[in-house]
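The values are calculated or read from the model by the stated rules, or taken from the named source; none is laboratory data. Model, not experiment: these values are computed from the prediction. Note that we place each Cβ from the backbone using ideal geometry, even for glycine, and neighbour counts take in every protein chain shown. For the accessible areas, the whole protein counts, side chains as well, though only heavy atoms, and no ligand, DNA or RNA atoms are used. Shrake-Rupley method; radii C 1.70, N 1.55, O 1.52, S 1.80 Å.
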Amino acid sequence: MSGKRQNPKDTAPRQHAREQERALLAELAAVYRDVDAAYGAYRCPGTSECCHFAVTGREPYVTSIELAAIERAVAARGGPLAPKKRALPIYPGSSGRRGPNPAPSEYRDERICPLLTREGRCSIYAARPLGCRSFWCHRADVPAEAVSRDALAGFVRRIQTIAQRHRPDGDQGRPLSRALG
Ligand code: SF4
């Protein structure tokens with residue numbers, strides 16, 4: 001340790017960037033509230049299969065600001081992802097349909113989200129990205145007044161606009177597993 005004092009001029013830009021990010025995260029939270037309200041009448045059995053990307057054949061895409069929200073949520077629960085969960089594990093095995101906490105031998109190349117716990121819960125639920133909030137599988141109970149494609153596209157646009165201000169050259173939509181990698 002050098003014991004050298006930090007020049008306040010060096011910390012000011014970082015402090016400013018942090019404050020700016022906080023403000024943008026508040027805007028993102030407002031969009032998420034609108035998204036959750038729009039999908040409020042949807043119901044699903046909560047099997048967490050949608051977090052097994054090879055099972056659904058889909059993966060949520062994230063923008064830089066959504067990733068920042070996830071990283072803060074991971075930090076708040078005690079730090080970085082466990083090293084073993086950083087890369088999407090590919091387990092050899094059999095059936096794709098099973099309950100939470102499966103033995104590794106039960107998996108079949110499911111590309112499980114690294115943010116899913118062994119108990120089958122999203123570890124950053126409140127900060128999960130738009131792709132997770134808006135994806136409903138064939139087993140979901142969809143109300144007669146379903147959210148339209150246009151409405152969803154509007155949410156995407158709002159988040160991309162925030163992301164653009166967050167990192168003009170950053171992610172405007174990248175697969176979650178790659179963004180976390
Ligand atoms: S972020 Fe959470 S809800 Fe989304 S796929 Fe990962 S574990 Fe599932």
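For the stretch 114-160, a simple Cβ point-charge model (Lys and Arg +1, Asp and Glu -1, everything else neutral) yields a dipole of about 200 debye relative to the Cα centre. Rolled with a 1.4 Å probe across the full set of protein chains, the surface gives ILE162 an accessible area near 10 Å².
The separation of the stretch 35-57 from the stretch 114-161, counted between C-alpha centres, amounts to 6 Å.
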